[in-house]
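*Asks:* Next up is a structure, given as structure tokens.
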Amino acid sequence: MHTVFIVIDFFLIAILAWFFIQNSRLNHALKEKNKQLESAISELKAAQVKLMDSGRQGAVAALSAGLLHQISQPITAIHGFVRFMKKEMDINSPFYKPVCVMDEQSFYIKDMLANLMELIRHRKIQKTQIDINSVLHKSVNLLLDELRIRRIGWDIQLDDKAPVISADALHLQQVFMNLIVNAMEALSEMPHGSPRTLLISSKYDSEINQTVIAFRDNGPGINHEHQAKIFDPFFSTKAQGSGIGLALCQDLVHEHGGTIKVDSNDEGTVFIVKLPCPSDHPSGVLT
């Protein structure tokens, strides 16, 4: 019987040693990929500055997309293996917490790479005649559970006189959901028990023939210095932010011939999106 226990002890030690070796290897791999990612981002910025004035953004996009694709493949593999290890491990194992950290960090890198790829080479715009209010409703409905979990009181006030516009519904839905998620994250920073509100509205402005969509929260606000940089790629006010989301929103809105701006103070923040309406609509009103 004593021999059996010795064998079991050796078996457990071997398993822990294997996890330790894998943990060390994955930590090393993650550090290397982090260095590669930082280097890639630096190269992308340098290339963009050099080629912007020469009108060769297409070449930058192709080069950048290829570089990011090469980095994302091993990161995806590492993330999948780490998740498998986490699933199979005993939560009382001394390696469980480090593996959880690796899972979180590898997911962050994987997600940032995906956002960079989307910014550089997003789906070609496909415009159709759409009801902007329907797109707003769908965007909110997809995030209802998250709004409830975070205990955010929301309201949606849509102008039924808003005209049909020519736009890509999926791209605009991506913009709207990103702005809602940004508002939710800002509101989550408020002290426990403080009221958290989000108002989403649309209005047709006949003077400029544009539909104006606003996302207004009562969060802590964004300081004036950061507001000037909020749409810059790689700039973020969040500790774990990649600085890609709002840059992508601005890119997509501009592709629709629209504008996006932010206004913020200590009483909250509002993001305003303006989209052009067709000049030949019969009455500018949905029927």
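The values are calculated or read from the model by the stated rules, or taken from the named source; none is laboratory data. Everything quoted here is computed from the prediction, not taken from an experiment. For neighbour counting, all protein chains shown are included, and Cβ atoms are generated from backbone atoms with ideal geometry for every residue, glycine included. Areas reflect the complete protein model, heavy atoms only, side chains present, ligands, DNA and RNA absent. Shrake-Rupley method; radii C 1.70, N 1.55, O 1.52, S 1.80 Å.
*Asks:* Distance check, please: which entries in 161/274; 35/86; 138/229; 138/203; 31/97; 110/261 exceed 21 angstrom between their Cα atoms?
*Replies:* With Cα atoms farther than 21 Å apart: 35/86; 138/229; 110/261.
*Asks:* Something else now. Could you compute the FRET efficiency for residue 225 and residue 21, with r as their C-beta to C-beta distance and R0 at 45 Å, rounded to 0.05?
*Replies:* Approximately 0.45, to the nearest 0.05.
*Asks:* I need the calculated FRET efficiency for the pair residue 93 and residue 170, taking r as the beta carbon distance and R₀ as 51 Å, to the nearest 0.05. Write out the running numbers ahead of the final one.
*Replies:* Numbers: r = 43 Å, r/R0 = 0.84.
For R0 = 51 Å, the calculated efficiency reads 0.75.
*Asks:* Follow-up question, since we're still on this one. Evaluate E = 1/(1 + (r/R0)^6) for residue 255 and residue 36, where r is the Cβ-Cβ distance and R0 equals 30 Å; express this FRET efficiency to the nearest 0.05.
*Replies:* Computed FRET efficiency for residue 255 and residue 36 comes out at 0.50.
*Asks:* Using every alpha carbon pair in the range 127-186, what percent of pairs falls into each 5 Å bin from 0 up to the bin containing the largest distance?
*Replies:* Whole-percent P(r) values from 0 Å outward: 4, 18, 27, 23, 15, 9, 4, 0.
*Asks:* Quick one: how many Å² of residue 256 are accessible to a 1.4 Å probe, rounded to 10?
*Replies:* Here the residue's solvent-accessible area equals roughly 10 Å².
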